[in-house]
1. Between their Cα atoms, which of A:158/B:2; A:158/B:170; A:38/A:83 are more than 24 Å away from each other?
2. Measure nothing but the geometry: give the 0 to 90° angle between the long axis through the Cα atoms of A:90-102 and the longest principal axis through the Cα atoms of chain A, rounded to 10°.
3. In nm, what does the list of distances from residue A:36 to its counterparts in the other copies look like, shortest first, when each label sits 7 Å along Cα to Cβ?
4. For the stretch B:50-185, what ratio Rg/Rh do Cα atoms give with a Kirkwood hydrodynamic radius?
5. Using only C-alpha atoms and all pairs of different ones, pull out the Kirkwood radius for the stretch A:74-133 in Å with one decimal.
6. Per residue of A:71-84, what is the mean number of Cβ atoms on other protein chains within 10 angstrom of that residue's Cβ?
7. Hey, if you put +1 on the Cβ of every Lys and Arg and -1 on every Asp and Glu Cβ in chain A, which of A:130, A:14, A:162 ends up farthest toward the positive end of that dipole?
8. Send over the semi-axes of the protein assembly as shown's equivalent ellipsoid, whole angstrom and largest first, taken as the square roots of 5 times the C-alpha gyration tensor eigenvalues.
There are 2 protein chains.
Amino acid sequence: MKKIQQANLDEISIASRVGFTGKLLKVKIDTVKLPNGKMAEREIINHPGAVGILPILEDGSMVFVKQYRYPVGTVLYEIPAGKLDAGEDPVVCAARELSEETGYRARKLRHMTSIVTTPGFTDEIIHLYMATGLKQEAQHTDEDEFIDIVAFSPEQVKKMVLEEDIFDAKTLAALLFYYISDKTVN
Amino acid sequence: MKKIQQANLDEISIASRVGFTGKLLKVKIDTVKLPNGKMAEREIINHPGAVGILPILEDGSMVFVKQYRYPVGTVLYEIPAGKLDAGEDPVVCAARELSEETGYRARKLRHMTSIVTTPGFTDEIIHLYMATGLKQEAQHTDEDEFIDIVAFSPEQVKKMVLEEDIFDAKTLAALLFYYISDKTVN
């Protein structure tokens, strides 16, 4: 991720305290100095970072996971994804999550881009990869993870985006990169 | 947003309590029943929902805001966006935020799609609009909001996505919809 600094826009950290510590989420409350010299508070969810993988099969179709997402109360179509373990290299995490969630092993994992999901209140970054040269092995999700695997052609996927059947942000970001990038270079 | 229910994937809410209440963020801790009958806890950030607007000028170029985002420590290129006021219609919010952040008034606001940003831990939904028929009036941000306005051609924007200069998830989602949709229908 490129960091852009620009004096007329930057905020400077003055102080930081912990507001909440859960099993998954940690809320920090920071005091910052605004470009006009005034102080303001920022509430931030700390996140370890994550990866998302767009798996492309030999025939060009794309693999998605279907998973119930409790916070939004619906089953979603998403690219396989997961959080980084402490100190884990994103590409290692991508290979691990792809294998755990879908059972596919990839001969090639190409970094597409790294995105910020909700920069207003979390530091979460998701590193996005395209996975090709896929070989099906066994899916091995955690005992309490419930995931269906589905595959669609690029044309079907476009239709699903336009009809709001696919509406997960990281998934749409990966698809944008896929559709506008030069696939012949892969 | 279409809600998909599927018995082998769904989680059912059993109990809910408040873990943290800040000025911006509220953390809920819910107990849920998994498809295998086991119980689990889910930590969720409650969010009022938001809108994002992709403004397209007469010559086809797109308008972005440059804004420092403290949680990720960098200035970002984003589409204009903002939170819904209580009870506010998303399209009204879109017109308001577009005007406040960029000074543009739109003759036409077309709903593209509505996305979930981080379905693992927040209920945030962002309604995405394409704004056309733009007329420049005066930008009128809040006193403590610092925003630069920039515009790029669709080809420049593609390059900026591929080179990781644009990496905000809602912005990439709006761009995907723009590039794959039939612009002649607009």
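1. Values: A:158/B:2 17 Å; A:158/B:170 17 Å; A:38/A:83 36 Å.
Exceeds cut-off: A:38/A:83.
2. Here the helix axis deviates by roughly 50 degrees.
3. Ordered by distance, the counterparts are at 5.5 nm.
4. Working: Rg = 14.1 Å, Rh = 15.1 Å.
When Rh is taken as the Kirkwood radius, the ratio is 0.93.
5. Working: mean 1/r = 0.0797 Å⁻¹.
About 12.6 Å for the stretch A:74-133.
6. Values: counts 16, 12, 9, 10, 8, 6, 1, 3, 0, 0, 1, 1, 1, 0.
That works out to 5 on average.
7. Selected residue: A:14.
8. Working: eigenvalues 192, 136, 80 Å².
Here the semi-axes work out to 31, 26, 20 Å.
Every read-out reported here was derived from the displayed coordinates using simple, explicitly stated rules and does not represent laboratory data. In this text, all values refer to a predicted model and were calculated from it rather than measured experimentally. Because the Cβ atoms are built from the backbone with ideal geometry, glycine has one as well, and the counts that use them run over all protein chains shown.
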